[in-house]
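The next block holds one structure in the form of structure tokens; read it before the comments.
What follows is calculated from the coordinates using simple rules that are stated; it is not laboratory data. Note that the structure is a prediction, hence the values are computed from the model and not measured. Virtual Cβ from ideal backbone geometry, glycine too; neighbours counted across all protein chains shown.
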Amino acid sequence: MKLLQAKLVKYDAPQKAKALGVYPYFRKIESDQDTEVLINGKKVLMFGSNSYMGLTNHPKIKEAAIAATKKYGTGCAGSRFLNGTLDIHVELEDRLARFVGKEEAIVYSTGFQVNLGVVSCLTGREDYIIWDELDHASIIEGRRLSFSTSLKYKHNDMESLEKVLKSCKEDKVKLIVTDGVFSMEGDVAKLPEIVALAKKYNASVMVDEAHGIGVFGKQGRGTCDHFEVTKDVDLIMGTFSKSFASLGGFIATDSITANFLRHNSRSYIFSASITPASTAAVSAALDIIENEPERMENLWAVTHYALDGFRNMGCEIGNTSTPIIPLFIRDNEKTFRVTRMLFDEGVFVNPVVAPAVSPNDTLIRFSLMATHTKKQVDFALDKINKCFKQLDII
Ligand code: PMP
């Protein structure tokens with residue numbers, strides 16, 4: 001065996017989970033994707049999707065993607081920088097900038113690439129990137145690629161953030177980066193306090209709206225809009241893989257920063273641009289999000305219904321108040337086991353285990369879509385109650 005394989009073969013956690021019959025990853029969906037999906041020929045209710053608006057299977061969005069493929073082809077065969085810019089990319093960027101309330105927007109091929117390419121290139125060797133300890137992995141990768149000093153603050157803890165800001169040199173650039181809605185625990189960043197501290201210490205702020213767009217703010221414009229801090233936030237990041245039912249992501253900011261990013265952000269310049277189909281799908285999804293407020297209303301109605309249900313059941317759900325509901329299990333093996341039991345009962349949820357979270361913080365991530373019904377939530381609550389009791393979780 002070569003040295004590489006001799007080293008890698010020691011990584012056997014997946015094999016162990018498979019041997020126990022609880023391996024929860026790469027489950028193959030064989031149907032269209034809405035609140036009910038087919039896996040292994042079995043219908044299960046989907047409570048593990050990020051498609052908060054429930055638009056993944058919307059006929060108008062599918063038609064738009066097909067029409068764009070017919071007109072432009074299946075790919076762009078180059079980066080935006082060179083041969084890969086289409087008129088629909090630029091139209092979408094203008095629209096996204098207006099939607100979130102910034103001067104310009106830049107579309108990347110995935111949300112991960114946005115954070116990677118933006119966080120890594122804005123600040124220099126003597127500057128600082130200041131980040132919440134629960135920020136998304138893509139932000140963490142971005143700051144790892146940067147030459148700046150990286151300073152972490154305790155999750156949503158403003159005292160900790162201020163202490164970090166105080167420790168920085170006054171004349172150096174400070175960029176605070178936070179998720180708007182935290183992806184695993186569903187709690188919301190304290191944006192008014194963060195922008196106030198940023199003002200006090202002359203720092204800039206970047207907010208990742210991956211889970212905020214479609215969910216918070218007027219017409220789903222995100223948490224910055226919800227807290228009315230858009231003008232005090234320097235960079236707003238969004239992804240198309242959740243409420244927008246597509247693939248890709250964007251950064252929205254002022255013209256000076258956008259100009260710099262367009263010519264220096266390496267995951268933008270050195271990667272092929274987003275496909276015509278994905279681009280057109282986002283525009284069509286925006287039409288629906290802007291014109292069908294009842295979707296957001298239903299998302300919040302089922303979210304509050306589920307939150308009440310879990311609280312009444314005695315589940316530990318942390319500080320969430322959003323469609324992302326963490327059900328804390330605090331045990332790796334039990335988390336896998338209960339995921340499997342729920343799947344057998346017809347409920348798809350996602351396990352979040354170490355090393356994504358500490359072994360004491362493992363959880364089931366239960367997430368809602370605008371297309372869920374209260375009846376479906378009742379079904380899930382009933383099965384969760386049964387399985388959690390069997391495993392002494394509640
Ligand atoms: N930021 C956050 C907060 C996310 O949750 C995710 C995806 N899970 C991303 C960025 C990356 O987005 P994408 O899936 O578009 O690469």
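Answer rounded, prolate or oblate for segment 88-182, using the Cα gyration tensor with square roots of eigenvalues a ≥ b ≥ c: rounded when a/c is under 1.5, else prolate when a/b is larger than b/c, else oblate.
Prolate, because a/c is 1.5 or more and a/b exceeds b/c.
Y268: net charge of surrounding residues, Cβ under 11 Å, Lys/Arg +1, Asp/Glu -1, itself excluded?
+3
Can you work out ³J(HN,Hα) from phi for every residue in segment 180-187, in order, using Karplus 6.51 cos²θ - 1.76 cosθ + 1.60 and θ = phi - 60°, giving whole Hz and x for Gly and Pro?
Couplings: x, 10, 6, 5, 9, 9, x, 8 Hz.
By the scheme Lys and Arg +1, Asp and Glu -1, what is the net charge of all other residues having a beta-carbon under 14 Å from that of G318?
-1
How would L86, L175 line up from fewest to most surrounding beta-carbon atoms within 10 angstrom?
Result, fewest neighbours first: L86, L175.
State whether segment 31-120 is rounded, prolate or oblate according to the following rule on the C-alpha gyration tensor (a ≥ b ≥ c being the square roots of its eigenvalues): a/c under 1.5 gives rounded; otherwise a/b larger than b/c gives prolate, and the remaining case gives oblate.
prolate
For the cross-link pairs K169/K200; K18/K389; K18/K334; K152/K200; K43/K383; K28/K386, which exceed 21 Å when the distance is taken from alpha carbon to alpha carbon?
K18/K389; K28/K386
Choose one of A13, A306, A252: the residue whose Cα lies farthest towards the positive end of the charge dipole of the chain (beta-carbon charges +1 Lys, Arg; -1 Asp, Glu; about the Cα centre).
Projecting each Cα onto the dipole axis, the largest value belongs to A13.
Mind listing which trypsin sites (Lys or Arg not before Pro) in segment 305-394 are in a DSSP loop and have 16 or fewer other Cβ atoms within 10 Å?
R330
Tell me the relative contact order for segment 251-331 as a rounded percent, counting alpha carbon contacts under 8 Å between residues six or more apart.
After rounding, I find 14 percent.
Suppose a student asked you for the relative contact order of segment 1-69, using Cα pairs under 8 Å spaced at least 6 residues apart; what percent would you report?
Contact order relative to length: 17 percent.
Out of the trypsin sites (Lys or Arg not before Pro) in segment 75-154, which ones are loop residues according to DSSP with at most 14 other C-beta atoms within 10 Å?
Passing sites in segment 75-154 are R125, K154.
When the Cα atoms of segment 261-318 are enclosed in a convex hull and the volume is divided per residue, what value in Å³ results?
Each residue corresponds to 164 Å³ of Cα convex hull volume.
Given N residues in the chain, what is its alpha carbon radius of gyration divided by 2.2 N^0.38 Å?
This ratio for the chain stands at 1.00.
So if a site counts as exposed when it's one of the chymotrypsin sites (Phe, Trp or Tyr not before Pro), its DSSP state isn't H, G, I, E or B, and it has at most 14 other Cβ atoms within 10 Å, what's the longest stretch of the chain without one?
The answer is 271-394.
Hey, if you put +1 on the Cβ of every Lys and Arg and -1 on every Asp and Glu Cβ in the chain, which of L116, F240, V338 ends up farthest toward the positive end of that dipole?
Towards the positive end, the residue furthest out is V338.
Calculated FRET efficiency, V9 and N360, Cβ-Cβ r, R0 22 Å, to nearest 0.05?
Efficiency, from the Cβ-Cβ distance: 0.15.
If eta is 1.002 mPa s and T is 20 °C, what Stokes-Einstein diffusion coefficient results for segment 196-332, Kirkwood Rh from Cα pairs, in µm²/s?
124 µm²/s
Evaluate the charge dipole of the chain about its Cα centre and quote only its size in Debye, nearest 20, assuming +1 on the Cβ of each Lys and Arg and -1 on the Cβ of each Asp and Glu.
1280 debye
Using θ = phi - 60° and the Karplus relation 6.51 cos²θ - 1.76 cosθ + 1.60, list the HN-Hα couplings for segment 14-28 in order, rounded to whole Hz, with x at every Gly or Pro.
Along segment 14-28, the couplings run x, 4, 4, 5, 5, 4, 7, x, 10, 4, x, 9, 6, 5, 8 Hz.
Whose amide H sits under 5 Å from the amide H of W131, counting only residues 5 or more places off or on another chain, with H placed in the peptide plane?
HN-HN under 5 Å from W131: L151, K152, Y153, V177.
Give the relative contact order (percent, whole number) for the chain; include only Cα pairs under 8 Å separated by 6+ residues.
22 percent
Mean projection of the alpha-carbon convex hull of segment 12-71 over all orientations, in nm²?
6.2 nm²
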